[in-house]
Structure formats: structure tokens, C-alpha cells
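Trainee: Before we start, here is the structure in question, set down as C-alpha cells.
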Amino acid sequence: MNAEKRRIPGTTVFDGEQARKGYALNRMCFSFNDAANRAEFLRDEDAYCGKYGLSPQQREAVRNRNVLELIEAGGNVYYLAKFAGIFGLDVQDIGAQQTGMTKDAFKARLAAAARN
Amino acid sequence: MATIVGAITTSHVPAIGRAIDRKLQDDPYWKPFFDGFPPVRSWLAEVRPDIAVLVYNDHGLNFFLDKMPTFAVGAAPEYRNADEGWGIPTVPPFKGDPALSWHIIESLVADEFDIVTCQEMLVDHAFTIPMALLWPEQRWPVRTIPVCVNTVQAPLPSASRCYRLGEAIGRAIESWDTEERVVVIGTGGLSHQLDGTRAGFINKAFDQKFMDSLVDDPGWATQYSTLDLVELAGTQGVEVLMWLVARGALTGKVSKLHSNYHIPISNTASAVMLFGNQG
């Protein structure tokens, strides 16, 4: 039995366990490098998710467009960023969503880090 | 023998590519970041390197989780950028130098760095944005050797291992039997985190200590495990590993010629540093 995993507050380290859990979801998101695949997803989301064999948890997280749920389902942020890109969301939008802040409040907090 | 003229380390986040595309260099939000680069460009115009060895981390353009190399070295005659899914315009292709690539590969493996070799390799924003910051006209005057480090999937290579990879790259370049001039570029960081409830995390004190350490005490960060670095610099701030590789490649008398640090661009504490290397 391995030692207990190190916990870092507010952080999910994308390790082998996450990589195994999230493989289908990340594989789908990796496919969004291709504009034709992004269009196909938008045409028929159910069929596209089905093609990649998403788990029910992953399918629900995709349906909810919820980044914390997607991470919980094994998503890696680099691939999830391609999913977010389909909806024109940038990393500040997803930062705001994950921290429960407005985008303006999230940006203000970033700017405040300069004064520490 | 080839000469390493110095190293440049810089942030590489996609938002910079968007800002370049929209010509926002003088926008008040972006100006403090872009103002970090003219001194580096002047230095490049002066030292005129022939080759750039560029150390970066792929974010899911060339590599996926089906096959994830810890270290990979390009050995292609040309490297292209491609759509990463969010619509930043692609940049012109980059010339490679397969002969030097294979020399570096031979030398690294002899040095017991068992890297993956890539005769085809797409290069993502972590490669293209620094190039566009250094040569804004995008007519690349250097041939390039991409060196890719895994920061996608833990376990990541340790800071100590990355520093020693840099030293091995330095030895490889300096044993290349030409008169060519090489600049080493490391891209990523500084502190930032995109994912989780800690998204938006920035650690100015760590960044400044890290930047200072690279001048006179470049092994300082090797005291930390990669999980320590995630905790200190954020899940993406761990890209400081690329800076350690680049700095490790400098084997001569190293001097800091320029640096700039600015918070924030996008979710990131941004920085650029320029080091001279006197043989």
C-alpha cells in the first residue's frame, strides 16, 4: 500500500489515478483541437459524447459545463480549456466559475496579488 | 565548437497570443508586460544567434495521454503550429536543424537522459508565443530545436532532474563542432493556477526569490519536489521547471542582463529574464 497522497488545498494533482479516471473525457476534449470536431460536438452533443464513451459522471459534468465537476470526473485543465474554448470561455471565465466569483471580482483579486 | 550566447526565460500563456493578434501591446493592461521585451530584442540583434534551443511544455497539441514522454526532443526539418481549439491564429513554420538535433540526442542519451525523439512534432503556444515575443515580425532568423518537458501528467520530472537535463543540453551544444551561436530559451510560469478552487493563485514572494536565485544560486529551486512547486507556484507555475532547464544549460560565467516581472496577465504572474553566458 502506498503512502497517503499529499493534499494541496484547492488543488487536484493530475496524476495516474486522475489520468485513468479521466481518459475518455480528456480524449474527447483533445479532439477539439480540430474545428470540424468542435462543430460536430455542437451539432449533436449526445452523439459526440457517446462516441467517446464518457462515463455518466463525465457526461453530466459536460452537460453542466461545470469545471470543478469535470476535474472531479478526471478532466485535465489543459484539455478542458479546449472544451471551454468551444463556448468562447477563457481561463478567467473558468477561474471565476471555479471560485464562485464574478469575472470582474476574479480579475480584481489577480491584480491585488501584485500588492502583496 | 558552438557557443551558447545566453538564455532567455519567459512566460508563454495563450492570452499573450490573443493580445499580439489584437495589437494590444500598448494597451494599459498589456504594456507593462510587453515593455519587458525590447531590451531582449536589442540583445538578440547584437548577438545574432543562429539557433534557438527552446524548452517548453506541450499543452495537448502534439502529445496526448496515450503516449506522454517525460522529455522529448524534436529532430524535424520543420515545425508547425496548429489549431489548439481556441482560435489563436497560427504562426509561420519554424526551420529545424536535424543535424544538431541528432547530435543533442546522441549526447543526451550518452549522458543517460533517455529522451523521446520526434521527427514530426507540432509546436504549441508555449513554443510559438515566446518566438513571437522575441521576433515580432515572425520572420524567424534562427533554426530551432524544441525540447518538450511533461508538465501535464504527474509524476513530473524533478527540479533537480530538469536542471541536470539543462546541464546535459549545455554540454551537448558546446561539443557541436561548428562555429554557430546558440541561444537557449525556457518558457512558462511564473506562478499561476488555472484549475480548482485555488484558481487564480499567485505567489509573488516565491517568484521573486526564484528569479533572484537563477542569477547566483541556480540550484536553489532543486530543493523542492514537484509537488512542493505546485503548492508554492500553482499547478501551472510548476512550469518553472523549463526555466531551470534553460538556466542549467549555461556553463560559463552567467550574468543577468535584464529582467521584468508583472502581475497579472490573464491568470498569471508574468516574467522575462535574459542571461549572458561568457565562456
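Trainee: Assuming 0.890 mPa s and 25 °C, estimate D for the range B:1-159 with Stokes-Einstein, Rh taken as the Kirkwood radius over Cα pairs, in µm²/s.
Mentor: 148 µm²/s
Trainee: Could I ask something else about it? Enumerate the calculated ³J(HN,Hα) couplings along the range B:258-268 in order (Karplus 6.51 cos²θ - 1.76 cosθ + 1.60, θ = phi - 60°), each rounded to whole Hz, writing x wherever the residue is Gly or Pro.
Mentor: 6, 8, 8, 9, 8, 10, x, 10, 6, 9, 10
Trainee: Can you list the residues, at least 5 places off or on another chain, whose amide H is less than 5 Å from the amide H of B:His12, using H built in the peptide plane?
Mentor: Amide H neighbours of B:His12, under 5 Å, 5+ apart: B:Gly188, B:Gly189.
Trainee: Can you give me the P(r) profile for chain B? Cα pairs, bins 10 angstrom wide beginning at 0, each as a whole percent.
Mentor: Spelled out per bin, shortest first, that is 7, 33, 40, 19, 1, 0.
Trainee: What residue among B:His125, B:His192, B:His258 has the largest mean-square fluctuation in a Gaussian network model of chain B, using Cα springs under 10 Å?
Mentor: B:His258
Trainee: Can you give the calculated 222 nm mean residue ellipticity of chain B, where each DSSP H run of n ≥ 4 adds -39,500 (n - 2.57) and the sum is split over every residue, rounded to the nearest 500 deg cm²/dmol?
Mentor: -9500 deg cm²/dmol
Trainee: Using the Karplus equation 6.51 cos²θ - 1.76 cosθ + 1.60 (θ = phi - 60°), what ³J(HN,Hα) coupling, rounded to whole Hz, does each residue of the range B:55-66 give in order, writing x for Gly and Pro?
Mentor: Listing the rounded values in order: 9, 8, 10, 6, 10, x, 9, 8, 10, 10, 6, 5 Hz.
Trainee: Here is a further query. Name the residues whose placed amide hydrogens come within less than 5 Å of the amide hydrogen of B:Ile265, ignoring near sequence neighbours (fewer than 5 apart) on the same chain.
Mentor: HN-HN under 5 Å from B:Ile265: B:Ser270.
Trainee: Name the residues whose placed amide hydrogens come within less than 5 Å of the amide hydrogen of A:Asp15, ignoring near sequence neighbours (fewer than 5 apart) on the same chain.
Mentor: The answer is B:Ala154.
Trainee: For the range B:137-144, what does the Karplus curve 6.51 cos²θ - 1.76 cosθ + 1.60, with θ = phi - 60°, yield as ³J(HN,Hα) per residue in whole Hz, taken in order and with x for Gly and Pro?
Mentor: 6, 6, 9, 5, x, 10, 7, 10
Trainee: Of the candidates B:Glu174, B:Glu239, B:Glu137, which one comes out as most mobile in a Gaussian network treatment of chain B with C-alpha springs shorter than 10 Å?
Mentor: Per the Cα network of chain B with a 10 Å cutoff, B:Glu137 tops the list.
Trainee: Restricting to Cα pairs below 8 Å that are 6+ residues apart, what does the relative contact order work out to for chain B? Please round to a whole percent.
Mentor: Relative contact order, chain B: 32 percent.
Trainee: Based on the Kirkwood radius over alpha-carbon pairs, what value in µm²/s does the Stokes-Einstein equation return for the translational diffusion coefficient of the range B:167-264 at 10 °C and 1.306 mPa s?
Mentor: 109 µm²/s
Trainee: Here's something else I'd like to know. Grab every C-alpha pair in chain A, bin the distances at 5 angstrom width from 0 up to the longest one, and report whole percents.
Mentor: Reading the bins upward from 0: 2, 11, 19, 22, 17, 13, 9, 5, 2, 0.
Trainee: If you take the square roots of the eigenvalues of the alpha-carbon gyration tensor of the range B:220-266 and sort them as a ≥ b ≥ c, do you get rounded (a/c under 1.5), prolate (a/b over b/c) or oblate? Before the final figure, lay out the partial values.
Mentor: Working: a/c = 2.64, a/b = 1.27, b/c = 2.08.
Here the range B:220-266 falls in the oblate category.
Trainee: Take the Cα gyration tensor of the protein assembly as shown, multiply each eigenvalue by 5, square-root it, and list the three semi-axes largest first, rounded to whole angstrom.
Mentor: Ellipsoid half-lengths, sorted descending, are 32, 23, 21 Å.
Trainee: Okay, moving on. Just want to confirm a number: the relative contact order over chain A, from Cα pairs under 8 angstrom separated by 6+ residues, in percent. Numbers along the way, then the final one.
Mentor: Values: 84 pairs, mean separation 30.8, N = 116.
For chain A, the relative contact order is 27 percent.
Trainee: Now, a different point. What residue among B:Tyr56, B:Tyr261, B:Tyr29 shows peak mean-square fluctuation when chain B is described by a Gaussian network model with Cα springs under 10 Å?
Mentor: Of B:Tyr56, B:Tyr261, B:Tyr29, the most mobile in the Gaussian network model is B:Tyr29.
The numbers here are math on the coordinates, done by the rules we state, and not lab data. Given the structure is predicted, the values throughout are model-derived calculations rather than measurements.
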